[in-house]
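*Asks:* Let me begin by handing over the structure; questions about it come next.
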Amino acid sequence: MLYQLYDWQRASLEPWRALASYANEAYGNPDSPLSSIPGAKNAAAAFDLMTRLTQRYERPAFGYASIATTAGEFPVYEVFELAKPFCKLLHFVKKGAPPQPKVLVFAPLSGHFATLLRDTVGRLLVDHDVWITDWIDAKEVPLAAGEFHFDTYVDYVREFIRFVGPNVHAISVCQPTVPVLSGVSLMAAAGEEVPRSLTMMGGPIDTRKGATAVNDFAQYRPMSWFEAKVIQRVPMRYPGFLRRVYPGFLQFAGFVAMNPDRHIDSHVQYYHQLVKNDGDSADAHRRFYDEYNAVMDLPADYYLETVERVFHQHLLPRGLLEVNGELVKPQAIKRSALLTIEGELDDIAGPGQTHAAHGLCRGIPAAAKERFTAPACGHYGIFSGRKYRETIYPKIRDFIAKHDK
């Protein structure tokens, strides 16, 4: 019922949001006579802020129309090559570009859309043929499409690797590291073709190491608490009506609660930037929050099973994880190179959690393993921003090039 009440509350704000939008135009448009009265800039800034605080944020666009490579600049087309009920496999086709190493990026299914990895994709596109998992908001998936479990996720991993392969390089960012390692382990045990390399970034392979506030929150609450407090039914006006989900608005509230002062200060600064006509800073604020505020619902079964298997029981590092009744054995992987990347200041996947993959993948030769801890780098800095572009991406690029032959 909480989700339905939330949706009604959001709907009730629509007239006020429209009013704020019109008022912002009236006081902020230079052609409007109201823009010349005293205090017009302050009024326009306040109404602009109100509009943004009350609007709905949909999935943003990746926005890559072209990309410059060493071979020249090429147009980029987004092509959905494979569609599953809960995910589409998106291929960034560079028309006319020469062959490049194929990279399959597994985006997090943890509340934000795959566009959160826009910066990751942008750098990869320069040197690689890039594919990414574009997860679908669970409230948009009808009940008739069936359920989505942790095991379903692993099935998707295996199918996507087969589809893009052979000779693909897999990159998993944050949450997907566990199902990706599980899927590749099962493929290796079955004698299937596996990715040439695995790059795992800031993921919860072993949450017993480097505990964070996120780990503690998940670990020290019983599963009954999550069932009762965060699982809701999709409201009636969506295609996924009555589907059990972990709503995006609850996940978003958790994101904000981790650093509330920072977000309040950011919006105050945005107001002052508008008053001062600091367009560049205001645009940067909009770009960040257009992405940050766009959240999606997660399938309830997948979410609960992830909490239980990864954060409560630590099944993968204990050698006890089963998928579809089959034991996951990372030591079966012998022909994939392994690179793990962590951030020294990561407050979501703490130091040691991702590097734990090296101890599990005992079948991979030591010469094919690398690890890197980015100094003074937080969680989002691992895959986005200046540190990613200047320090982390070159290591990923060189690692893939080394093992692409």
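The values are calculated or read from the model by the stated rules, or taken from the named source; none is laboratory data. Model, not experiment: these values are computed from the prediction. Because the Cβ atoms are built from the backbone with ideal geometry, glycine has one as well, and the counts that use them run over all protein chains shown.
*Asks:* Can you tell me which residue within region 46-67, out of those that are among the small types (Gly, Ala, Ser) and within 21 Å of the chain's Cα centre (by Cα), is farthest from ILE136 (Cα to Cα)?
*Replies:* Within region 46-67, the match that is farthest from ILE136 (Cα to Cα) is GLY63.
*Asks:* Could you list, in sequence order, all residues of region 71-83 that are touching a residue at least 40 places away in the same chain (Cβ under 8 Å) and within 20 Å of THR120 (Cβ to Cβ)?
*Replies:* VAL76, PHE80, GLU81
*Asks:* Among the residues of region 250-264, is there at least one that is modelled with pLDDT of 85 or more, over 30 Å from ALA40 (Cα atoms), not assigned by TED's automatic domain parsing to the domain that holds TRP8 and not β-branched (Val, Ile, Thr)?
*Replies:* yes
*Asks:* Next up: Looking at LEU345, LEU339, which one is in contact with a Lys or Arg (Cβ under 9 Å, 6 or more places away or on another chain) and aliphatic (A, V, I, L, M)?
*Replies:* LEU339
*Asks:* Condition (residue is within 30 Å of GLY63 (Cβ to Cβ) and in the same structural domain as VAL173 (by TED's automatic domain parsing)) applied to region 310-324: is it met by at least one residue?
*Replies:* Looking for residues that are within 30 Å of GLY63 (Cβ to Cβ) and in the same structural domain as VAL173 (by TED's automatic domain parsing), one finds none in region 310-324, hence no.
*Asks:* Pick from PHE86, PHE62, PHE113: which is without any contact (Cβ under 8 Å) to a residue 60 or more places away in the chain and hydrophobic (A, V, I, L, M, F, W, C)?
*Replies:* Selected residue: PHE62, the only one of PHE86, PHE62, PHE113 that is without any contact (Cβ under 8 Å) to a residue 60 or more places away in the chain and hydrophobic (A, V, I, L, M, F, W, C).
*Asks:* Look through region 113-150, keep the residues that are in contact with a Pro (Cβ under 9 Å, 6 or more places away or on another chain) and of a type in the set (Asp, Glu), and return whichever of them is nearest to VAL184 (Cα to Cα).
*Replies:* Across region 113-150, the extreme among qualifying residues is ASP129.
*Asks:* Run ALA332 past the list (1) of a type in the set (A, V, I, L, M, F, W, C); (2) surrounded by fewer than 20 Cβ atoms within 10 Å (Cβ to Cβ); (3) closer than 26 Å to VAL245 by Cβ and report the number of the one that doesn't hold.
*Replies:* (3)
*Asks:* Only one residue in LEU53, LEU34 is over 28 Å from TYR6 (Cα atoms) and part of a helix (DSSP H, G or I). Which one?
*Replies:* LEU34
*Asks:* Inspect all residues belonging to region 100-119 and state whether any of them is among the charged types (D, E, K, R), crowded, with 17+ Cβ neighbours inside 10 Å and more than 18 Å from the chain's Cα centre (by Cα).
*Replies:* Looking through region 100-119, at least one residue is among the charged types (D, E, K, R), crowded, with 17+ Cβ neighbours inside 10 Å and more than 18 Å from the chain's Cα centre (by Cα).
*Asks:* Also: Limited to region 247-288, what total is found for residues that are of a type in the set (Phe, Trp, Tyr) and without any contact (Cβ under 8 Å) to a residue 24 or more places away in the chain?
*Replies:* Looking only at that region, the number is 1.
*Asks:* Would you point out which residue out of THR306, THR391, THR354 is farther than 30 Å from LEU250 by Cα and assigned by TED's automatic domain parsing to the domain that holds TYR156?
*Replies:* THR391
*Asks:* Still on this model: Are any residues in region 26-70 acidic (Asp, Glu) and either under 30 Å from ALA97 (Cβ atoms) or surrounded by fewer than 17 Cβ atoms within 10 Å (Cβ to Cβ) (or both), and if so, which ones?
*Replies:* The answer is ASP31, GLU58.
*Asks:* Take residues that are within 22 Å of ILE136 (Cα to Cα) and not hydrophobic (A, V, I, L, M, F, W, C) and tell me which of the strands (runs of 3 or more DSSP E) falling wholly in region 68-116 contain 3 or more.
*Replies:* Qualifying strands (runs of 3 or more DSSP E): 72-84.
*Asks:* Out of curiosity, is ILE396 modelled with pLDDT of 95 or more and either within 19 Å of PHE106 (Cβ to Cβ) or among the hydrophobic types (A, V, I, L, M, F, W, C) (or both)?
*Replies:* When the stated conditions are applied, ILE396 passes them.
*Asks:* Mind telling me which of the residues SER172, SER185 ends up being assigned by TED's automatic domain parsing to the domain that holds CYS361, more than 23 Å from ASN215 (Cα to Cα) and surrounded by 24 or more Cβ atoms within 10 Å (Cβ to Cβ)?
*Replies:* SER185
*Asks:* I've got another one for you. Just the residues that are modelled with pLDDT of 90 or more, part of a helix (DSSP H, G or I) and either closer than 30 Å to ALA45 by Cα or over 20 Å from the mean Cα position of the chain (by Cα) (or both), please, taken from region 270-308.
*Replies:* GLU308
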